[in-house]
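Read through the structure below, which is laid out as structure tokens, and then see the notes.
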Amino acid sequence: MTTSKGPECLMKKLAFICFLAVFSFSTLAEEKLVDHLGKPFSVDQLKGKVVLLIIGFTNCEDICPTEMARASIALSKMKEDIRLVKPIFLTVDPERDSPEVIAKYLKNFHPSFTGISGDSETLTELVNHYGVSPKRERHHGENQQINHGYSTFILNTLGEIEVAVLPGLPPSHLSELLFKMTEENSEIRI
Amino acid sequence: MKKLALKTSSFITSSLFLSLIISIHVGSAIAQRLAPGYGDTPFLLPDPGTYSLPSLGMAGDGMVLTDSGETVSLHSALGGNYALLSFMYASCADVNGCPLTAYVFYQLKRNMQVDSILADNLKLVSLSFDPARDTPSVIQKYAANFSITNSTGSWDFLTSSSETELIPILEAYNQDVQRKRFIDGSNTEELIHILRVFLIDPKKRIRNIYSVPYLHSEIIYRDLLTLLKNGEISPEKSREEMFLTQSTQLGPGDVREGYENKNFKSQSNPLKRKNNLTHSPKTTRTQSNLGLPPHRLDRDLKLEEKIYLGRRLFLDRRLSLNNTMSCAMCHIPEQGFTNNELATSVGIEGRTLNRNAPSLFNVGFSPNLFHDGREDSLSQQIWSPLLDKNEMGNPSVGYVLNKIRSIPDYPPLFFSAFGDSKISMEAIGDALASYQNSLNSGSSLFDRWYFGKEVDAFQPNQKRGFALFVGKAGCASCHVLGKEDALFSDYKMRNTGVGYLRSIPHKQKKQTVQLAPGVFTEVDYGIIKSVSGPIKPDLGLYAITQNPEDRWKFRTPTLRNIALTSPYMHDGSISTLKEVVEFYNGGGISNPLLDPLIQPLNLTQQEISDLTSFLDTLTGSNVRELVAEATNEVVGDVGI
């Protein structure tokens with residue numbers, strides 16, 4: 001890593017402790033989350049991989065589709081290194097985003113994406129854990145929007161957020177970040 | 001070539017990405033035209049250096065948090081070089097808003113990897129609008145975008161501790177931020193703001209403001225090159241060099257020598273454009289000490305910060321009731337820290353004052369202050385002009401404190417000088433005193449000759465003048481010299497008769513008035529009296545002690561830099577040094593309380609001339625530096 005420093009070591013230890021917390025949380029949530037193929041999903045499936053996490057919802061009219069498009073271009077640049085990355089689309093709108101809806105939505109994007117839906121409370125708790133606090137817009141028009149802020153993250157193999165990718169940065173930046181992250185984490189389980 | 005290749009490849013990627021953005025947005029209800037910043041430059045750009053970017057005013061300041069949680073001033077976070085400042089918030093979903101800024105900043109950051117001019121001279125800074133969401137640990141994750149890749153050059157992310165800290169900064173940058181509301185009046189997550197990105201120079205002046213149609217990496221790059229080309233070289237590299245080449249004009253711009261002759265031709269200098277150069281005042285202070293007593297404040301670790309704050313306060317017109325008068329408008333730096341053009345000062349709204357503004361050179365060594373010696377500490381003294389209704393006109397101490405508190409520039413400066421941003425009477429006094437204490441000016445020609453033993457430094461007439469000074473003329477009885485240093489004053493209170501002269505009725509019937517070069521007229525004194533305010537007698541020390549013996553006693557001034565501080569005497573009634581010497585040669589003005597040391601001196605014209613040439617050797621070596629330090633400071637919201 002270009003920025004490999006002493007304090008980072010400590011950070012990783014701390015991150016590991018946090019990860020343990022996530023891990024125990026994930027065992028709780030295991031039964032309640034489901035992927036876009038309808039299979040049960042637990043957070044510990046993310047363990048040991050560099051995760052590209054996009055938090056959004058399929059009816060989003062703003063930033064989610066551009067973020068998904070950016071990520072798809074970035075992922076297609078990864079070629080075979082794609083196996084070292086786990087791209088996740090996590091919905092904040094389980095009421096509308098059933099596994100089937102998400103599966104249909106993901107067809108527009110890179111095939112490596114896993115979509116996650118499930119129990120509303122568990123999902124909210126999970127996205128809050130990543131610092132995202134979605135708020136439903138109050139009017140109930142035909143396409144209700146949910147405000148959630150910047151929501152593209154890269155998680156390290158310990159499940160901690162390493163980078164919050166700013167919207168507007170081009171896909172090449174995202175793929176560069178993913179390359180570097182996978183290079184560093186040579187212990188990634190395939 | 002490498003740079004070009006990089007640019008092209010990123011362009012291809014980004015166009016692909018952008019076409020996706022467009023297609024998605026076309027599909028949704030909010031199809032939007034993309035800003036030029038995402039593509040080619042919107043118009044043919046002028047070459048760098050073929051245009052100029054005048055200052056658009058001072059960049060605001062305030063307290064911010066870094067991604068490590070440290071509290072710093074925004075100005076210090078902008079660094080010592082050029083900076084590009086943007087504002088951002090996490091819920092900003094408008095493609096031509098924060099993402100556009102991020103995209104343009106990214107292009108610059110990317111180019112910094114191969115372009116050292118860009119990397120060395122520009123710092124990218126993004127300040128969050130949203131202190132509640134963007135805590136230091138969150139913005140650390142934003143910064144992480146560039147610790148892993150594209151790490152050359154800096155793009156710093158800042159936030160603030162609360163909206164209270166943030167709002168004054170937003171106001172200073174005219175960032176009118178409003179929260180979007182739902183129809184029922186409740187708040188949404190979205191903020192409405194107008195996108196503005198600020199290019200700020202090393203002196204913290206705004207040099208360009210980019211809005212959506214102009215926010216493009218190439219425009220910013222050319223602007224930076226233009227500023228660098230227009231002689232505004234990076235201050236780190238050539239601070240000393242630039243300082244050496246600057247010229248500092250001393251004295252009033254309006255030169256009136258020979259004005260009494262008909263053939264007078266104006267030699268007035270146009271006000272020179274200040275070249276805003278900085279230098280290291282500390283060096284000039286420590287190198288101009290020959291002949292001066294040891295500096296009292298050398299041990300203060302925050303001294304430079306206090307001096308800087310004090311200098312800004314000294315130059316700030318907002319310290320007066322109606323924002324028109326600063327300290328520096330009577331103690332004019334380039335006019336010897338006094339006013340060479342007025343016998344007695346003129347205060348707020350043109351109000352007449354009784355006395356000549358005393359020079360501030362070496363004022364830190366003076367045990368008593370004001371012509372009547374009524375104060376003994378610089379930090380207390382400042383309140384006298386600030387609160388005098390005829391000087392700066394402030395109604396109360398609290399008024400001054402609240403005014404300074406309300407100016408966003410100041411809390412960070414107080415913070416760096418005193419460790420907290422509390423603006424108190426003591427802190428203001430301390431800062432202004434620190435600055436005035438820094439106006440020490442020694443190492444004059446005389447010092448080099450007398451204390452430095454440079455035998456060749458003095459001319460024969462100057463040596464004769466010195467002999468008269470300490471001998472026949474007896475000047476040194478009051479304007480004393482020590483063995484190791486000399487302040488040329490015992491700072492005692494004396495009656496030379498100048499004050500007495502003012503107290504006796506005016507005997508002249510007519511007064512000569514000059515109307516134009518070589519054109520004089522005699523005006524009846526009664527007419528002058530009828531249109532001017534009454535001349536008030538000035539009893540000097542008596543006003544303080546109420547002791548009749550103390551009438552017309554005034555403080556003996558230092559003679560250091562005396563050649564720069566005309567006019568002379570407590571009321572500025574004598575214009576030139578030669579006339580002052582002639583005044584003392586005549587034994588002062590006879591009065592019952594005349595100081596016994598004032599006696600007729602019986603000096604010849606040659607001796608008067610020699611004595612005057614000696615007085616000309618007392619000018620310190622760092623005067624131009626001290627003047628430049630003050631005149632180069634830009635205070636308030638007005639650029640140059």
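The values are calculated or read from the model by the stated rules, or taken from the named source; none is laboratory data. Small disclaimer: the values here were computed from a predicted structure and weren't measured. Here the Cβ positions follow ideal geometry from the backbone for every residue, glycine too, while neighbour counts run over all protein chains shown. Heads up: the accessible areas ignore ligands, DNA and RNA and are worked out on the full protein's heavy atoms, side chains in. Shrake-Rupley method; radii C 1.70, N 1.55, O 1.52, S 1.80 Å.
Does chain B come out rounded, prolate or oblate by the C-alpha gyration tensor, with a ≥ b ≥ c the root eigenvalues, rounded set by a/c under 1.5 and, if not, prolate when a/b is larger than b/c and oblate if not? The shape class here is prolate. When shorter helices are ignored and each DSSP H run of at least 4 residues is given -39500 (n - 2.57), the per-residue value for chain B at 222 nm works out to -10000 deg cm²/dmol. Taking a ≥ b ≥ c as the square roots of the eigenvalues of the Cα gyration tensor, the stretch B:370-410 is classed as prolate, since a/c reaches at least 1.5 and a/b is larger than b/c.
Using heavy atoms of the protein chains and a probe of 1.4 Å, the accessible area assigned to B:Thr41 is about 50 Å². Distances between placed amide hydrogens fall under 5 Å for B:Arg494 paired with B:Phe554, B:Arg555, B:Thr556, all partners being 5 or more residues away or on another chain. The H on the amide N of A:Leu90, modeled in the peptide plane, is under 5 Å from the matching H of A:Ile54, A:Ile55, A:Gly56, A:Ile116, each at least 5 residues off or on a different chain. Applying both filters, DSSP loop and at most 13 other Cβ atoms within 10 Å, to the trypsin sites (Lys or Arg not before Pro) of the stretch B:375-433 gives B:Lys389, B:Lys422.
With pairing defined as another cysteine C-beta under 4.7 Å, the cysteines of chain B that fail it are B:Cys327, B:Cys330, B:Cys475, B:Cys478. Here the relative contact order of chain B, from alpha carbon pairs under 8 Å that lie six or more residues apart, stands at 15 percent. Accessible-area rank, largest first, for B:Asp201, B:Asp67: B:Asp67, B:Asp201, with all protein chains present and a 1.4 angstrom probe.
Count the net charge of all other residues whose Cβ sits under 13 Å from the Cβ of B:Tyr259, scoring Lys and Arg as +1 and Asp and Glu as -1. After counting each charged neighbour, the total is -1.
Backbone phi angles across the stretch B:384-401, fed through the Karplus curve with coefficients 6.51, -1.76 and 1.60 (θ = phi - 60°), yield HN-Hα couplings of 5, x, 4, 9, 5, 5, 8, 9, 9, x, 6, x, 7, 4, x, 4, 5, 4 Hz in residue order; Gly and Pro are listed as x.
Under 5 Å between amide hydrogens, built in the peptide plane, is the criterion, and for B:Ile192 it picks out B:Gln178, B:Arg179, B:Lys180 among residues at least 5 positions away or on other chains.
Extension gain for B:Leu225 to B:Gln605 (0.36 nm times residue separation, less C-alpha to C-alpha distance): 130.7 nm.
For every other residue with a beta carbon closer than 12 angstrom to the beta carbon of B:Arg312, add +1 if it is Lys or Arg and -1 if Asp or Glu, then tell me the sum.
-1
Pairs spanning more than 22 Å between alpha-carbon atoms, out of B:Lys109/B:Lys141; A:Lys39/A:Lys135; A:Lys47/B:Lys141; B:Lys204/B:Lys389; A:Lys49/A:Lys79: A:Lys39/A:Lys135; B:Lys204/B:Lys389. The lysine pair tally for the stretch B:489-583, using Cα distances under 20 Å and a gap of 8 or more places or different chains, is 8. Based on the Kirkwood radius over alpha-carbon pairs, what value in µm²/s does the Stokes-Einstein equation return for the translational diffusion coefficient of the stretch B:31-86 at 25 °C and 0.890 mPa s? Translational diffusion coefficient: 161 µm²/s. In this rough spin-label picture, where each label sits 7 Å from Cα along the Cβ direction, the B:Asp254-B:Lys453 distance is 5.0 nm.
Relative to the longest principal axis of the Cα atoms of chain B, the long axis of helix B:98-112 makes an angle of roughly 80 degrees.
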